[in-house]
């Protein structure tokens, strides 16, 4: 295939050339005139599985021929080498988890325990890199760290612990060590007996040491060669000479090729074109090459920029989309992919931003287009993955209502038999929990509810599998898995069956089951751990898997990672998420070695990933038709354009003589066209705003009784009375009810009620100590939130002395009659089918039978003016007393009605009985009720709210926001 040569054979293909297709074409051209079996003797070594699949597809497309032997750089075990069986990567990480756990126990400030597996994974990655780059631990230990902090000492101590993993005599080496062993054996075999058949390494940039060693050896084989993708033939030799220092040039797209040339003692012109195929747009390649010049030579923009070809022609098939948000960016991309699908055009979105790719997939779903996503779905985001993570969380804390209902509603719960009954029972249980505010469902509470609903069998199942105390101790990983799987299968099977097969039935279930089985096989190496560590480790292991969509994707629409830009093969490439931090991604934090130590040790620098991304970008942007997309804002924060896009735009703006500004405007205009269509797709259809409602229901449907506390609502927001009492709609309480002002008010009322009952039974208990004792007892019983217990006890303690002192005065008026507590009352209105009802917190009677009405308030009590016109609770209770409305109470007159405010500044706030008589209050009240029994009276929304910002439970139903209180209400007569 190749003529004998004393110099290494290094070939390249320009950016934008379809690398696999050109590789096959070059092979066939070089074998023209040779027998068919010559192709079968060719050994191709490629860098990725997808590259191998694409090459196979090209050969399968014809013409008929033998296939070359296609191998992977990372798997040389099938070439007759004697290699040991490698250790499972999961086993090695579980072993490291134990070491990291011990380190975190000794040095808790190093990292949170939730990072346990991530730290072990990063350490395993460092070990693999050290193996591949042939950097033994003693070289790291010998580094000069005199100016480093104590963090280095901890890292070094830990690296010494794992030193034994670098012993090549180990029968079970790591993957990195095995790859180095395979390369070393291959190099030894080639040195001893060089293969005479063609050996071609294709598609690799040689960024890893073992790969670079193999490439160097292959170029000197009798029939060996290397073909590199995206080689910049436009870059002058003076620039290549600048790419020698990894500290300054590692992030350049051609840096790895410069290092390869230096190692092979070649000049840039020694790299020969693999084929005579020209790139799709040579002018665009020149533009990108100049734009991406390394920083020390960007002054060449001034000298070489004017020599570029006309940029309007170079960028004619280049579109720049600058969306206002990532959602708009995703929708514009989806529209273009849809157009490609309709036109039969092959299109691929290339992005490292998984959120963007998911948004694009979701947008395409509206047109029933499923893209072929090479990354698949992380198992922890699949239904069985989420289900198992929810189950793992049950071991970590007491059962909460949120955790219980999250699992009860999961589609994989109770899939055995009786699922329809299960869903009905779940709905009823949720309503019960919300109505009664049960943050922590206990066996006693659930049993009591089950007895009232005759769901005892289902409740027994819930108590058995859900209501279990958290696991407090540490147990072996294998036992954790057994407990976890057993509990998960019990939940999946349900109360009437033992069949949990649905949990593992679908494609995602099978993939998750394989991960669990793999974890079970290696569990002996995971040691012991607590429930929280187990949950973190299990979730991290799931996150590193992949679930491919079993549905048949669209044959022409694909989503690729950045490395797949080398594979090409699409008519349209969309490079998405081109913002700093997304593409290129910022190097992750290294908990073990900083940048300088990595350089001194001979390890890869963090900029390596940026340089590889830069090369992927240079390769992809040179395709025939390309979109460059980015969002101007992300999460309401301004973004920065990707450095490569920024450089390209800046260069074009500075070249008016080459039509640069006009070409850039044209690129943006093409993008603006699709953004306008995306906005049109999302534009809401105009709809008239709802008027301010004032429904007029039939008189027969109007409420026949209201409580004294609801009269304020009838005055301020009649629509709320209509929604609650006529429509029978009630606000749904939060599932995990927070310890809010309402809960505090209920608890404080119970404290005061119990304290007063105790004092009535034994007047000697009228002390601060007893009040605080009652407070502690009731709060401990009713409040499951430890922090709120202490806070509310402290609030009661601050007002306890005042309350006891004022209570002595209050009781002095009530002697010898004890107070009536929580006394119910009802007064019908003559001539109307209506009654006023209520429950007074407390009514005292003096020696003459006159009443003293008190109501406890944990917040601010309403002032006299507000009570007179709006909040008439105490005034109405006083009127009810004089109308003989309270059971067993024959008071003649109300002497006083007051709020006992128990807030930060405790006080007694009297009702304005001096300004108005109870007879007048009752007359005004009757007039108000008669008005609402008029056939044409409407229940107006937000008629007289105290503050504009006040919230009503029924604002959404009234569509408040489409109207405001300045608008007149619109009456609507209902039948």
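The values are calculated or read from the model by the stated rules, or taken from the named source; none is laboratory data. Being a predicted model, the structure only gives us computed values, none of them experimental. Backbone-built Cβ (ideal geometry, glycine too); neighbour counts: all protein chains shown.
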Checklist entry - Does the range 327-334 include one or more residues that are crowded, with 21+ Cβ neighbours inside 10 Å and not in a helix (DSSP H, G or I)? => result no
Checklist entry - For residue 800, all conditions in the list (1) touching a residue at least 60 places away in the same chain (Cβ under 8 Å); (2) closer than 22 Å to residue 908 by Cα; (3) within 50 Å of the chain's Cα centre (by Cα) hold save one; what is the number of the exception? => result (1)
Item to check | Options 375, 362: the member that is farther than 22 Å from residue 641 by Cα, modelled with pLDDT under 95 and part of a helix (DSSP H, G or I) | outcome: 362
Next on the checklist: With the requirement that a residue be surrounded by fewer than 20 Cβ atoms within 10 Å (Cβ to Cβ) and more than 20 Å from residue 463 (Cβ to Cβ), what does the range 485-503 give you?
Outcome noted: 485, 499, 501, 502
Checklist entry - Inside the range 200-286, counting only helices (runs of 4 or more DSSP H) that do not spill past its ends, which hold 2 or more residues that are surrounded by 23 or more Cβ atoms within 10 Å (Cβ to Cβ)? => result 209-218, 255-264
Next on the checklist: Taking the criterion of being under 40 Å from the mean Cα position of the chain (by Cα), part of a helix (DSSP H, G or I) and buried (at least 16 other Cβ atoms within 10 Å of the Cβ), would at least one residue in the range 705-719 satisfy it?
Outcome noted: yes
Checklist entry - With respect to the numbered conditions (1) in contact with a helix residue (DSSP H, G or I) (Cβ under 7 Å, 6 or more places away or on another chain); (2) at pLDDT 90 or above; (3) crowded, with 16+ Cβ neighbours inside 10 Å, which one is the sole condition not fulfilled by residue 12? => result (1)
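Only one residue in 318, 214 is touching a helix residue (DSSP H, G or I) at 6+ places or on another chain (Cβ under 8 Å) and either on the phi > 0 side of the Ramachandran plot or assigned by TED's automatic domain parsing to the domain that holds residue 667 (or both), so which one is that?
Every option except 318 fails the conditions.
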Item to check | Filtered residue count, the range 928-942, keeping only those that are closer than 17 Å to residue 967 by Cα and either out of contact with any strand residue (DSSP E or B) (no Cβ under 9 Å at 6 or more places or on another chain) or not in a loop (DSSP other than H, G, I, E, B) (or both) | outcome: 1
Checklist entry - Name the residues in the range 511-530 that are part of a helix (DSSP H, G or I) and in contact with a strand residue (DSSP E or B) (Cβ under 9 Å, 6 or more places away or on another chain), would you? => result 511, 512, 523, 524
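Residue by residue, here is whether (1) at pLDDT below 90; (2) closer than 30 Å to residue 702 by Cβ holds:
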residue: 770; (1), (2): no, no
residue: 793; (1), (2): yes, no
residue: 800; (1), (2): no, no
residue: 825; (1), (2): no, yes
residue: 836; (1), (2): no, yes
residue: 845; (1), (2): yes, no
residue: 854; (1), (2): no, no
Next on the checklist: If residue 687 meets every condition in (1) part of a helix (DSSP H, G or I); (2) farther than 30 Å from residue 902 by Cα; (3) modelled with pLDDT under 90 apart from one, which number is that one?
Outcome noted: (1)
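Check 628, 612 and return the single one that is under 30 Å from the mean Cα position of the chain (by Cα) and buried (at least 24 other Cβ atoms within 10 Å of the Cβ).
Being under 30 Å from the mean Cα position of the chain (by Cα) and buried (at least 24 other Cβ atoms within 10 Å of the Cβ) holds for just one of 628, 612, which is 628.
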Next on the checklist: With within 25 Å of residue 571 (Cβ to Cβ), touching a helix residue (DSSP H, G or I) at 6+ places or on another chain (Cβ under 9 Å) and assigned to a loop (DSSP other than H, G, I, E, B) as the only criterion, which of 663, 623 stands out?
Outcome noted: 623
